[in-house]
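Have a look at the structure below before the remarks.
All of the numbers you see were taken from the coordinates with simple rules; none came from a lab. Note that the coordinates shown come from a computational prediction; the quantities given were computed from them, not determined experimentally. Here the Cβ positions follow ideal geometry from the backbone for every residue, glycine too, while neighbour counts run over all protein chains shown.
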Amino acid sequence: MKSRTLNLCAVAGICSLLGVSLLVSSSHSQTKKDYQSELVSDGLQMSVSLARSDKVDSPAFQVALQNVGEKDVTLNLGTMLANGKVQLPENIRLHLKDATGKIRELHFSDKRYPGVAGRVDDYVVPLRVGSTYSLLLKLEQFWSPETKEFVLKLKPGKYQVSAQFEGSGSLIRNEEMALILNFWKGKLQSNTLSFER
């Protein structure tokens, strides 16, 4: 009888521990889910992470756009040249914060193509529900219009970066683009990534 009572107490104790564990786990996943939902805008989510870079003074970032909504969408990331052979994601900006707290908004500018002499198209990316489109973006591909820094050289220290996408309709007046009516429109903000140089 005594051992049966001990067994029941042990089972009750284990059940209590499991209940507390599940409650903590549920609370943790809820917090994570709430955090992620703050970054969702009209079915889209954006993230930025550190990518491997071949240059020490110019970090690279992986920027991902994910369709977490319930309908397929089409994104306009910027412009394309030479019938899509050159893709310029000009609608993605980076916000860089240095150790002093100064924040610079950085615009994309591929220095290999300083001018346009030919056909220009919208940078169209269809994004099905549950799909992710990822871009490798290097800091050297950006410049700061405010400070007129065309080449950004980071001093050793701690930095934070986030990405922003502003979706719009067709900006290029080609007849083919007029047929695409499902462009995602709005502003999308990524997480903030901390890194050190």
Percent RCO, i.e. relative contact order, over the stretch 96-152, from Cα pairs under 8 Å lying at least 6 residues apart: 41 percent
Among 70-82, 123-135, the order from most to least packed when residues are scored by Cβ within 10 Å on average: 70-82, 123-135
Estimated inter-spin distance, VAL68 and LYS158, nm [label 7 Å along Cα→Cβ]: 2.6 nm
Simple spin-label estimate for ARG112 and THR192 in nanometres, 7 Å along Cα-Cβ: 3.4 nm
Interchain or long-range residues, amide H under 5 Å from SER131's placed H: ASN67
Gain in span if fully extended, LEU39 to LEU136, counting 0.36 nm per residue against the direct Cα distance: 32.9 nm
FRET efficiency estimate (nearest 0.05) - Cβ-Cβ, ALA60 to THR100, R0 22 angstrom: 0.40
